[in-house]
């Protein structure tokens with residue numbers, strides 16, 4: 001097995017500690033990737049239901065688990081974790097003992113040029129996690145109107161130079177379709193000032209990837225659905241990697257852990273909302289992991305426990 005095919009799992013020890021894995025407990029890993037977190041859960045005694053949109057991930061992880069002697073302790077579903085309720089209903093599972101969502105993009109997806117995720121490789125502009133999806137980054141870059149593209153870069157890339165970048169893209173696509181990551185990265189680099197913080201295309205590529213894969217759509221609702229099937233005392237762990245997804249999860253967890261959500265100007269509660277979880281302290285990667293795994297630098301682990 002090629003253990004380097006996918007990234008080293010971020011905050012692995014913290015996740016396993018937080019999940020408090022029980023012998024033969026059922027755990028949901030909604031973002032399988034290379035299977036590192038799932039494998040650790042099984043090695044700690046748990047059973048795993050795992051999902052991923054990337055068929056490369058599901059095929060690799062299945063082989064990895066069998067190679068590690070975990071046959072019969074896992075079920076892998078090629079699907080989006082946002083369909084959690086339907087997936088578990090179809091499997092006849094009414095309760096789970098814990099769940100994890102590692103929202104980052106796998107290193108394999110960045111490092112495999114053909115996937116078109118990275119500005120560091122020249123490849124087709126694709127960025128689909130699910131290769132059967134219809135929308136690609138090339139479609140967005142070449143076919144979206146100027147104002148819509150600017151809004152996308154502001155919204156999902158938090159890109160201050162969005163108008164300059166999009167106008168440069170517009171000039172280039174008027175001469176012919178922009179088809180590769182290298183072409184797009186060069187266009188962006190030529191249109192914005194030098195940045196010490198990283199490649200000038202980083203934010204634009206993030207915005208395109210999020211839109212292509214609908215990464216933020218229904219994220220809070222998915223967390224709520226998972227919590228509904230948690231057993232009392234069980235935990236949902238979510239690892240975020242940028243401010244946009246972290247804000248969604250932070251707000252979702254706050255709502256799940258709050259009783260009254262009425263307008264504070266009202267004299268009495270009329271909403272009847274009751275907290276279903278309590279929040280635990282958010283965690284960041286330790287010094288040793290930060291030194292060994294660059295991907296952990298932007299990671300935040302948020303945890304709620306079912307009441």
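Tabulated data for the structure shown
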| item | result |
| --- | --- |
| Estimated FRET transfer efficiency (residue 160, residue 94; beta-carbon r; R0 41 Å; 0.05) | 0.30 |
| 0 to 90° range, to nearest 10: angle between helix 219-228 axis and the chain longest Cα axis | 10 |
| Whether the range 53-92 is rounded, prolate or oblate, judged on the alpha carbon gyration tensor where a/c under 1.5 counts as rounded | oblate |
| Peptide ranges 34-44, 238-248 listed from the most packed, as the mean C-beta count within 10 angstrom indicates | 34-44, 238-248 |
| Within the range 219-246, backbone nitrogen closer than 15 Å to the virtual label 7 Å beyond the Cα of residue 278 toward Cβ | 232-236 |
| Length-normalised contact order for the chain - Cα pairs under 8 Å, 6+ apart - percent | 18 |
| C-alpha long axis of helix 202-213 to longest principal axis of the chain, angle in ° | 60 |
| Helix 162-173 axis, angle to the chain major axis (alpha carbon atoms, nearest 10°) | 60 |
| Expected-Rg normalisation [2.2 N^0.38 Å, Cα atoms] applied to the chain | 1.06 |
| Global geometry of the range 109-213, whether rounded, prolate or oblate, following the gyration tensor of its Cα atoms and the 1.5 cut on a/c | rounded |
| Relative contact order (percent, whole number), the range 1-89, Cα cutoff 8 Å, 6+ residue spacing | 27 |
| Cβ-Cβ FRET estimate between residue 217 and residue 196, R0 fixed at 35 Å, reported to 0.05 | 0.60 |
| Cβ-Cβ FRET estimate between residue 63 and residue 265, R0 fixed at 41 Å, reported to 0.05 | 0.10 |
| Burial order of peptide ranges 8-17, 132-141 (average beta-carbon count within 10 Å, highest first) | 8-17, 132-141 |
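Read the figures in this text as sums done on the coordinates, not as results from a lab. In this text the structure is predicted, and so the values were computed from the model without any measurement. With ideal geometry, Cβ positions are generated from the backbone for all residues, glycine too; neighbour counts draw on all protein chains shown.
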